[in-house]
Amino acid sequence: MPHPYVLLSAAVSLDGYLDDTGPERLLLSGPADFDRVDEVRASVDAILVGAGTIRADNPRLLVNSDERRAARTAAGKPEYPLKVTVSGSGDLDPAAQFWHTGGEKVLYTTDEGAGRARALGLAADVVPLGPDLDWRRLLTHLHDVRGVRRLMVEGGGLIHTQLLTQGLADELQLVLAPLFVGTPDAPRLFGPGGYQSGRLRLLETRRIEDVVLMRYEPTAPGAGPLPTAADHHWLALACELADRCPPSDTAFSVGAVVVAADGTELARAHSREAGDPVAHAEEAALAKTDPADPRLPGATVYSSLEPCARRASRPAPCARLILDAGVRRVVTAWREPDTFVAAADGSGVLAGGGAQVVVLPEHEDAAKAPNRHLLT
Ligand SMILES: NC(=O)c1ccc[n+]([C@@H]2O[C@H](COP(=O)([O-])OP(=O)(O)OC[C@H]3O[C@@H](n4cnc5c(N)ncnc54)[C@H](OP(=O)(O)O)[C@@H]3O)[C@@H](O)[C@H]2O)c1
Ligand SMILES: [Zn+2]
């Protein structure tokens, strides 16, 4: 079932709290970080918060910058992202700012909660999901019915904990604020639960005034992230690109795509493209990226063939170029055979440099097809 890309966003105190217990919302970060959050909001199709956050903070969840809203409209998107909230009880204040600012609103609730929400006359599309609230059904509904491809989740803790423990989060953007709350009954960012993620992968750190932004990718326990539907999609595209290479009896035909963690394609290429008789696909694709692009460390290189470990035609093999670009994840369809280089071990070079290599053998036939004449 397709889901949107789910980006969790939160600010937290040094002792792990989202807020204090006072009546006013605790300000954890400053103007520069609020502006960054505004930018992230402008980049998504929908923003979700729990009912507890609406009750506690009465947030508006707008894109505040006129320029960012204008850019959304110019790109054919609604001026404001869809606002989404989740409540089991359906018991929400109809006068809350959430309902009366910005664009469209949806409330996901239980069958029972829907009755109450409708009786309260909440200014939103009320969607009951059955006797209990099932996050997978909610995400599928957002994707299929509301067309949401990127979802930003702005808390609170109960929501973040469920999405992370159920393995449904694609990214966590955490801002650490240099202060303590110190009250044990204040809301925590993450509660107890059976977390599905192993050790998270750190994608980026950024200093913003006196807070630090950390971007993490949750990973499956053990071997790192499991291949996703997106991995199959991009590797299939790399195999299609391999098919477009000018034929050669002395080199493999390979396709490669560089994709950022949020699913944005950064570059694509195939072997011997643009009249360069020795160009490799991964090398040509990386050459089209900006070496200063902060998305490269979180990006994945999809290559129809394992990146090369040694080559005569250029000083650096593709495995080295990938590491030098900062990329730490490679998805490929098959390991390089001994046709041109004995015991080529691009995966070994990549792993030695701290990159993860995932082989998806389902794509091996497609990746080999343009190279049949080289394989005996
Ligand atoms: N620092 C930050 O970045 C940040 C961001 C957001 C929020 N906050 C803080 O976090 C606090 C609120 O967090 P919170 O954890 O108490 O509340 P929350 O996560 O915002 O919302 C919890 C509510 O959502 C509904 N809900 C969640 N999961 C559900 C499920 N599986 N089935 C049915 N309903 C479900 C329930 O609503 P019903 O009770 O209606 O059934 C539940 O009470 C506030 O103090 C706020 O200031 C901080
Ligand atoms: Zn190569």
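The values are calculated or read from the model by the stated rules, or taken from the named source; none is laboratory data. Values in this document were obtained by computation on a predicted structure and should not be read as measured data. Positions of Cβ are generated from backbone atoms using ideal geometry, with glycine treated the same way; all protein chains shown enter the neighbour counts. Heads up: the accessible areas ignore ligands, DNA and RNA and are worked out on the full protein's heavy atoms, side chains in. Shrake-Rupley method; radii C 1.70, N 1.55, O 1.52, S 1.80 Å.
Worth pointing out:
- Degrees separating the helix 111-120 axis from the principal Cα axis of the chain, which is the longest one: 50
- Residue with peak Gaussian network fluctuation, the chain [Cα springs, cutoff 10 Å], from V254, V148, V341: V341
- One quarter of the convex hull surface built on the alpha carbon atoms of the chain amounts to 20.8 nm², the projected area averaged over directions.
- Global geometry of region 20-151, whether rounded, prolate or oblate, following the gyration tensor of its Cα atoms and the 1.5 cut on a/c: oblate
- Bridgeable lysines around K83 (alpha carbons under 21 Å apart, same-chain partners fewer than 8 residues away excluded): K105.
- Principal-axis analysis of the Cα atoms of the chain puts helix 229-242 at an angle of about 30° to the longest axis.
- Cα-based shape type of region 229-375, given that a ≥ b ≥ c are square roots of the gyration tensor eigenvalues and the cut on a/c is 1.5: rounded
- Point-to-point label distance, D144-A71, nm (Cα→Cβ direction, 7 Å offset): 3.3
- The chain: most fluctuating residue of G193, G263, G275 per GNM, C-alpha cutoff 10 Å: G275
- Residues M152, M214 ordered from highest to lowest accessible area at a 1.4 Å probe: M214, M152.
- Rounded Å value of the spacing that divides the Cα centres of region 227-299 and region 145-216: 32
- Calculated [222 nm] ellipticity per residue, helices only, for the chain: -7500 deg cm²/dmol; basis is -39500 (n - 2.57) per DSSP H run with n ≥ 4, divided by all residues, nearest 500.
- Ligands, DNA and RNA are left out, and with a 1.4 angstrom probe the accessible area of the chain is 45 Å² per residue.
- Solvent-accessible area assigned to carbon and sulfur over the chain amounts to 53 percent, based on a 1.4 Å probe.
- Taking I208, I54, I322 as the candidate residues, the one with maximal mean-square fluctuation in a Gaussian network model of the chain, Cα springs under 10 Å, is I208.
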